[in-house]
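Student: Here's a structure for you.
The values are calculated or read from the model by the stated rules, or taken from the named source; none is laboratory data. Every value quoted in this text rests on a predicted model; they were computed, and no experiment measured them. We place every Cβ from the backbone using ideal geometry, glycine too, and count neighbours over all the protein chains shown. Calculation scope for accessible area: heavy atoms of the full protein, side chains included, ligands and nucleic acids excluded. Shrake-Rupley method; radii C 1.70, N 1.55, O 1.52, S 1.80 Å.
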Amino acid sequence: MSAQLDIRLKKVNKIYHEGEYVSGVVVIDSKGEVKHEGIALSIEGNVSMQLSAKNVGIFEAFYSSVKPIQLIHCILEIAKPGRLPSGRTEIPFEFPLKPKSNKCLYETYHGVFINIQEQNEKAIIKPVDFSITPESLQNVKDRSKIPSFLLKGKLDSSVCCITKPFTGEICVEKCDAAIRSIELQLVRVETCGCAEGYSRDATEIQNIQIGEGDVCRRIVIPVYMIFPRLFACPTLITSNFKIEFEVNIVVVFEDDHLITENFPIKLTRF
C-alpha cells in the first residue's frame, strides 16, 4: 500500500533565524493501513548551481572566484519493513546568516571582490513617481496603432528590504482601449563575464495580477508584492558577477497588445 508523505512548516515564508525552532507537522496520507519501522526527519545542506547554455563558457573563465549558494532541505523518510521501498519527501527552507562583522561577510564570499559596506547597506526610502503615456514608451515602431492612455502612480521605494513587501499604487487616468489585465512582474537579472565578454540573463521569477478586466478610470489600485525568498536575494554587484532585480508594470489590452514600464530596484537584507 503506497502512502504520500508531506511536511508542513508552521512558518509560511519558511525563513528561520538563529535561535528559532524549525517546527511543523508530518502528514501521512494513505488509503489503508501502512506498516513501517520508524519515521526519520533530517536536514541537509545542498550546494548547486544552474547555468544557462550561453553562460557556461564565459562562467568557466572565472569560476574559481565565485562560490555557489547553499540550500537547506528538510527531508522526511519513512522506513518500511520487508522489501517494500521506503517513502521520502523533502521541503526547502532558508536559514539566512547574519554576519557579525565585515570580516565574517568577506569570508562568506571569499574570493569575490565585494564592497562590504555596500552589501551591509540598509534600505533607504527612495520613492518613485511615474507617468506612462504613448510618448514615454520605447522600442515602438508604429505609434499610430497605440491607443491614447495615461497611467500615473508611484512606487513607495526603489530600494527595498527583502523581508518587507514591495508597495505602491497605480491609477488609469484615461485609456481609449479596453484593458484586460494589469500585472506586476519581478525580474531577476544575472550578469557574468570577464575580459573576454559578458553575458546577461533576465528571468521572470514572479507575476502578480493587480487589476483584472477593464478597470475603472481614476481609481487608485494598490501595488503589494511579497518577494519570493527562494528565488530572490539581496542585490549583489562584483567586478565579474551581478545579481540585480527589476519590476515591470504591464498593461494588457483586449486585443492582446501590451505596454510595459520597467523600474530597476535594489534589494537589501536589512
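Student: Considering segment 229-253 alone, what residues qualify as being outside any strand (DSSP E or B) and either open to solvent by less than 60 Å² (accessible area, probe 1.4 Å) or not aliphatic (A, V, I, L, M) (or both)?
Tutor: Let us first name the residues in segment 229-253 that are outside any strand (DSSP E or B), namely 229-235, 239-240.
Selection gives ARG229, PHE231, ALA232, CYS233, PRO234, THR235, SER239, ASN240.
Student: If you scan segment 248-261, which residues turn out to be over 17 Å from ARG200 (Cβ atoms) and out of contact with any Gly (no Cβ under 9 Å at 6 or more places or on another chain)? It would help to see each step written out before you state the result.
Tutor: First, the residues of segment 248-261 that are over 17 Å from ARG200 (Cβ atoms): 249-261.
Within segment 248-261, VAL250, VAL252, PHE253, GLU254, ASP255, ASP256, HIS257, LEU258, ILE259, THR260, GLU261 qualify.
Student: I want to confirm something. Restricting to segment 135-168 and keeping residues that are exposed (fewer than 15 other Cβ atoms within 10 Å of the Cβ) and in contact with a helix residue (DSSP H, G or I) (Cβ under 7 Å, 6 or more places away or on another chain), which single residue is nearest to ILE237 (Cα to Cα)?
Tutor: So the residue we want is ARG143.
Student: Here is a further query. Could you say whether any residue in segment 210-228 is part of a loop (DSSP other than H, G, I, E, B), more than 30 Å from GLU173 (Cβ to Cβ) and open to solvent by less than 50 Å² (accessible area, probe 1.4 Å)? Can you show your working first?
Tutor: From segment 210-228, those part of a loop (DSSP other than H, G, I, E, B) are 213-219, 226-228; that's our starting set.
Then drop every residue that is not more than 30 Å from GLU173 (Cβ to Cβ), which leaves 228.
Restricting the remaining residues to those that are open to solvent by less than 50 Å² (accessible area, probe 1.4 Å) gives 228.
Yes, there is a match, as at least one residue in segment 210-228 is part of a loop (DSSP other than H, G, I, E, B), more than 30 Å from GLU173 (Cβ to Cβ) and open to solvent by less than 50 Å² (accessible area, probe 1.4 Å).
Student: Continuing with this model, one more query. Say whether the condition of being surrounded by 15 or more Cβ atoms within 10 Å (Cβ to Cβ), touching a His at 6+ places or on another chain (Cβ under 9 Å) and part of a loop (DSSP other than H, G, I, E, B) is met by at least one residue in segment 169-190.
Tutor: yes
Student: Moving on to the next point. Quick one: how many residues across segment 183-232 are modelled with pLDDT under 90, farther than 27 Å from ASP256 by Cβ and in contact with a Cys (Cβ under 9 Å, 6 or more places away or on another chain)?
Tutor: 3
Student: Now, a different point. Got a number for residues in segment 8-29 being assigned to a strand (DSSP E or B) and within 17 Å of THR163 (Cα to Cα)?
Tutor: Qualifying residue count, segment 8-29: 1.
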